[in-house]
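*Asks:* Below is a structure I'd like to ask you about.
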Amino acid sequence: MSDCIFCKIAKGQIPADKVYEDDHCVAFKDIHPKAPVHVLLIPKKHIDSLAHAGAEDRVLLGYLNLKLAEIAKGQGIGDGFKIQVHTGAKGGQEVFHLHYHILGG
């Protein structure tokens, strides 16, 4: 998706304060944090929302879920954190690229 801000971050076209990156995902600090630690985890593959993920995304979604705890631990909140996933405009989603909020501290 050429106009997706998260796709541009994933491709390195827009700078972000990255805390983790690999071949499948990128995690970066939220620019409007709602907690002392507020990191976003996004897949590099564009998926509009969790509701748009398909059976072909099952391995990627599992991978992302395992990364959430790893990233939280790396941010010093491994002993307690919250995950939020907004899905669709009515669910509070503002950027239509699947992303997980990791909050703690």
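*Asks:* Within the range 33-53, work out how many residues are without any contact (Cβ under 8 Å) to a residue 60 or more places away in the chain and either under 14 Å from the mean Cα position of the chain (by Cα) or closer than 19 Å to Lys67 by Cβ (or both). First the steps, then the outcome.
*Replies:* Here is the first cut: in the range 33-53, the ones without any contact (Cβ under 8 Å) to a residue 60 or more places away in the chain are 33, 42-53.
Subsequent filtering for residues that are either under 14 Å from the mean Cα position of the chain (by Cα) or closer than 19 Å to Lys67 by Cβ (or both) retains 33, 42-50, 53.
So the answer is 11.
*Asks:* Look at the range 37-85 and say how many of its residues are touching a Pro at 6+ places or on another chain (Cβ under 7 Å) and either closer than 22 Å to Gly104 by Cα or of a type in the set (Val, Ile, Thr) (or both).
*Replies:* From the range 37-85, those touching a Pro at 6+ places or on another chain (Cβ under 7 Å) are 60, 64; that's our starting set.
After this cut, where a residue has to be either closer than 22 Å to Gly104 by Cα or of a type in the set (Val, Ile, Thr) (or both) as well, the list is 64.
Matching residues across the range 37-85 total 1.
*Asks:* In this structure, does Gly62 turn out to be small (Gly, Ala, Ser), surrounded by fewer than 17 Cβ atoms within 10 Å (Cβ to Cβ), modelled with pLDDT of 95 or more and over 15 Å from the mean Cα position of the chain (by Cα)? I'd like the intermediate steps shown before the answer.
*Replies:* On the way: small (Gly, Ala, Ser): yes; surrounded by fewer than 17 Cβ atoms within 10 Å (Cβ to Cβ): yes; modelled with pLDDT of 95 or more: yes; over 15 Å from the mean Cα position of the chain (by Cα): no.
It is false that Gly62 is small (Gly, Ala, Ser), surrounded by fewer than 17 Cβ atoms within 10 Å (Cβ to Cβ), modelled with pLDDT of 95 or more and over 15 Å from the mean Cα position of the chain (by Cα).
*Asks:* Is it the case that the range 18-33 has a residue that's in contact with a Cys (Cβ under 7 Å, 6 or more places away or on another chain) and not in a loop (DSSP other than H, G, I, E, B)? Reasoning before the result, please.
*Replies:* Of the range 18-33, the ones in contact with a Cys (Cβ under 7 Å, 6 or more places away or on another chain) are none.
Taking every residue of the range 18-33 in turn, none turns out to be in contact with a Cys (Cβ under 7 Å, 6 or more places away or on another chain) and not in a loop (DSSP other than H, G, I, E, B).
*Asks:* Does His32 qualify as being exposed (fewer than 13 other Cβ atoms within 10 Å of the Cβ), modelled with pLDDT of 95 or more and within 23 Å of Gly104 (Cβ to Cβ)? Lay out the reasoning, then the answer.
*Replies:* Numbers: exposed (fewer than 13 other Cβ atoms within 10 Å of the Cβ): yes; modelled with pLDDT of 95 or more: yes; within 23 Å of Gly104 (Cβ to Cβ): yes.
Criteria met by His32.
*Asks:* Let me ask another. Report, ordered by the first and then the second residue, all pairs with beta carbons closer than 6 Å, sequence separation of six or more or different chains, a first member in the range 86-105 that is over 16 Å from His38 (Cβ atoms) and surrounded by 18 or more Cβ atoms within 10 Å (Cβ to Cβ), and a second member that is aromatic (Phe, Trp, Tyr) and modelled with pLDDT of 95 or more.
*Replies:* Close Cβ pairs (under 6 Å, with a partner that is aromatic (Phe, Trp, Tyr) and modelled with pLDDT of 95 or more) amount to His97/Phe6.
*Asks:* Can I ask one more? So, Ile77, is that one more than 18 Å from Ala10 (Cβ to Cβ), surrounded by 13 or more Cβ atoms within 10 Å (Cβ to Cβ) and free of Cβ contacts under 8 Å to residues at least 60 places away in the same chain or not?
*Replies:* Details: more than 18 Å from Ala10 (Cβ to Cβ): yes; surrounded by 13 or more Cβ atoms within 10 Å (Cβ to Cβ): yes; free of Cβ contacts under 8 Å to residues at least 60 places away in the same chain: yes.
Here the answer is yes, as Ile77 does meet what is asked.
*Asks:* I would also like to ask the following. Would a scan of the range 89-100 turn up a residue that is farther than 26 Å from Asp3 by Cα and not in a loop (DSSP other than H, G, I, E, B)?
*Replies:* Residues of the range 89-100 that are farther than 26 Å from Asp3 by Cα, as a first pass: none.
Within the range 89-100, none of the residues are farther than 26 Å from Asp3 by Cα and not in a loop (DSSP other than H, G, I, E, B).
The values are calculated or read from the model by the stated rules, or taken from the named source; none is laboratory data. Remember, it's a predicted structure, so these values are computed and weren't measured experimentally. Every residue, glycine as well, gets a Cβ built from its backbone with ideal geometry; the counts of neighbours run over all protein chains shown.
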